[in-house]
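Some notes on the structure that comes next.
The values are calculated or read from the model by the stated rules, or taken from the named source; none is laboratory data. The shown structure was predicted, so the numbers you read here are calculated from the model rather than taken from an experiment. For neighbour counting, all protein chains shown are included, and Cβ atoms are generated from backbone atoms with ideal geometry for every residue, glycine included.
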Amino acid sequence: MTSPPLTSPVGRFAPSPTGALHTGSLATAVGSWLLARRAGGRWLVRMDDLDTPRQVAGMADDIRRTLEEFGLWWDREITRQSDNQEAYRDAFERLLGLGLVYPCGCSRREIAQAASAPHPDDDTLPYPATCRGGMRGGAVVRSWRVRAADGEICFDDLRRGRVCQVLALRCGDFVVRRGDGGFAYQLAVVLDDHLSGVTQVVRGDDLLASTPRQIYLQQLLGLPRPRYCHLPLVSGPGGAKLSKRDNLVSHHLGNWKGREGALLLALLRFLGQEPPGGLAGAACGEILQWGVDNFEVGRIPALGGELKP
Ligand code: GLU
């Protein structure tokens, strides 16, 4: 076998082991796997285990086995965010040394009262920079925030096209570390992807609004920017948020046993692809190979929706 071209992407799937996969997270895994493999690239798996209290024992193993059952094999050993704490600390200290980060004593309620209006499409309130000039006397540190840029941050999403956001208007100075010392997802993910050489981030549309924050941190830390592709979200009936209870895909539950190929075909169709009818009943490997040969990012629909069997 010849080695992949130097420019072939390094993609990744980064589930949080807080529960089993569901049809929506599996759609992201399949999309990210195919976009990496189609371009002759590699695909990595990382367990996003930063949120320790929400983790459920055995879930990392369940996710790993589920990926195996669907033929979504990965390159290199699976990594975990918990291995990267030192890198988070170094980056945080660099930002602190540059005067870009400051301690904040505001509670969520105080921020909600001070902010003009909550944003309808995520629960981020633009932080009104109350503690930029220093915390009020006697306040305890509840978080550490990075000063947000006033200018626009833009990137070209492989599916969504050009996306721009003014951080100061969208979220304001945002949290990179909690008062208890834990690092925030926005900072961690930038370092995780960088440390493992990820060059292509494919994930759900629910994270689109976070991407400019991550690009901003990459700029501050002098890190290269990966390519981004945000995929439509699988929803429940009538566009409702997917209930995990009804949509789990779990090795331990065995609830898709023997029907893995049928689910893969449904996921391909959800992603706008048209696998031939002859693949009905085929093994996962054969279906994925069809995807490697035929997957077109331009066919992915603009809107998500229910997964049709
Ligand atoms: N761990 C995150 C999740 O499960 C995904 C992080 C990412 O893809 O950047 O929602």
List pairs: first in the range 198-212 and touching a residue at least 12 places away in the same chain (Cβ under 8 Å) and over 18 Å from LEU303 (Cβ atoms), second within 11 Å of the ligand (Cβ to nearest atom) and in a loop (DSSP other than H, G, I, E, B), Cβ under 7 Å, 6+ apart or cross-chain? VAL198/PRO226; THR199/PRO226; GLN200/PRO226; VAL201/PRO226
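When you check ILE215 against the structure, is it within 30 Å of PHE295 (Cβ to Cβ), crowded, with 18+ Cβ neighbours inside 10 Å and within 16 Å of the ligand (Cβ to nearest atom), yes or no?
The answer is yes for ILE215.
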In the range 227-301, which helices (runs of 4 or more DSSP H) lie fully inside it and hold 3 or more residues that are touching a residue at least 40 places away in the same chain (Cβ under 8 Å) and surrounded by 14 or more Cβ atoms within 10 Å (Cβ to Cβ)? 260-270, 284-294
Pairs where the first residue, in the range 15-36, is more than 26 Å from ALA57 (Cβ to Cβ) and modelled with pLDDT of 95 or more and the second is assigned to a helix (DSSP H, G or I) and within 10 Å of the ligand (Cβ to nearest atom), C-beta under 8 Å, 6+ apart: none
Please work out which one of (1) within 27 Å of ARG245 (Cα to Cα); (2) touching a Gly at 6+ places or on another chain (Cβ under 8 Å) is the condition ARG42 fails and give its number. (1)
Taking the conditions exactly as written (within 13 Å of the ligand (Cβ to nearest atom), over 16 Å from LYS308 (Cβ atoms) and under 16 Å from the mean Cα position of the chain (by Cα)), does LEU233 satisfy them or not? no
Taking the range 150-201 and keeping only residues that are farther than 25 Å from CYS229 by Cβ and among the basic types (Lys, Arg), one is left with ARG177, ARG178
Filter the range 203-226 down to the residues that are assigned to a helix (DSSP H, G or I) and touching a Leu at 6+ places or on another chain (Cβ under 7 Å) and list them by number. ASP205, ASP206, PRO212, ARG213, TYR216, LEU217, LEU220
List, please: which pairs have Cβ atoms under 9 Å, are six or more places apart or on different chains, and start with a residue in the range 136-153 that is over 16 Å from PRO126 (Cα atoms) and end with one that is polar (S, T, N, Q) and in a loop (DSSP other than H, G, I, E, B)? ARG136/THR130; ARG142/SER107
In this structure, does VAL141 turn out to be at pLDDT 95 or above and over 21 Å from GLN218 (Cβ atoms)? yes
If I filter the range 198-210 down to residues being surrounded by fewer than 21 Cβ atoms within 10 Å (Cβ to Cβ) and within 12 Å of the chain's Cα centre (by Cα), which single residue comes out as nearest to ARG147 (Cα to Cα)? SER210
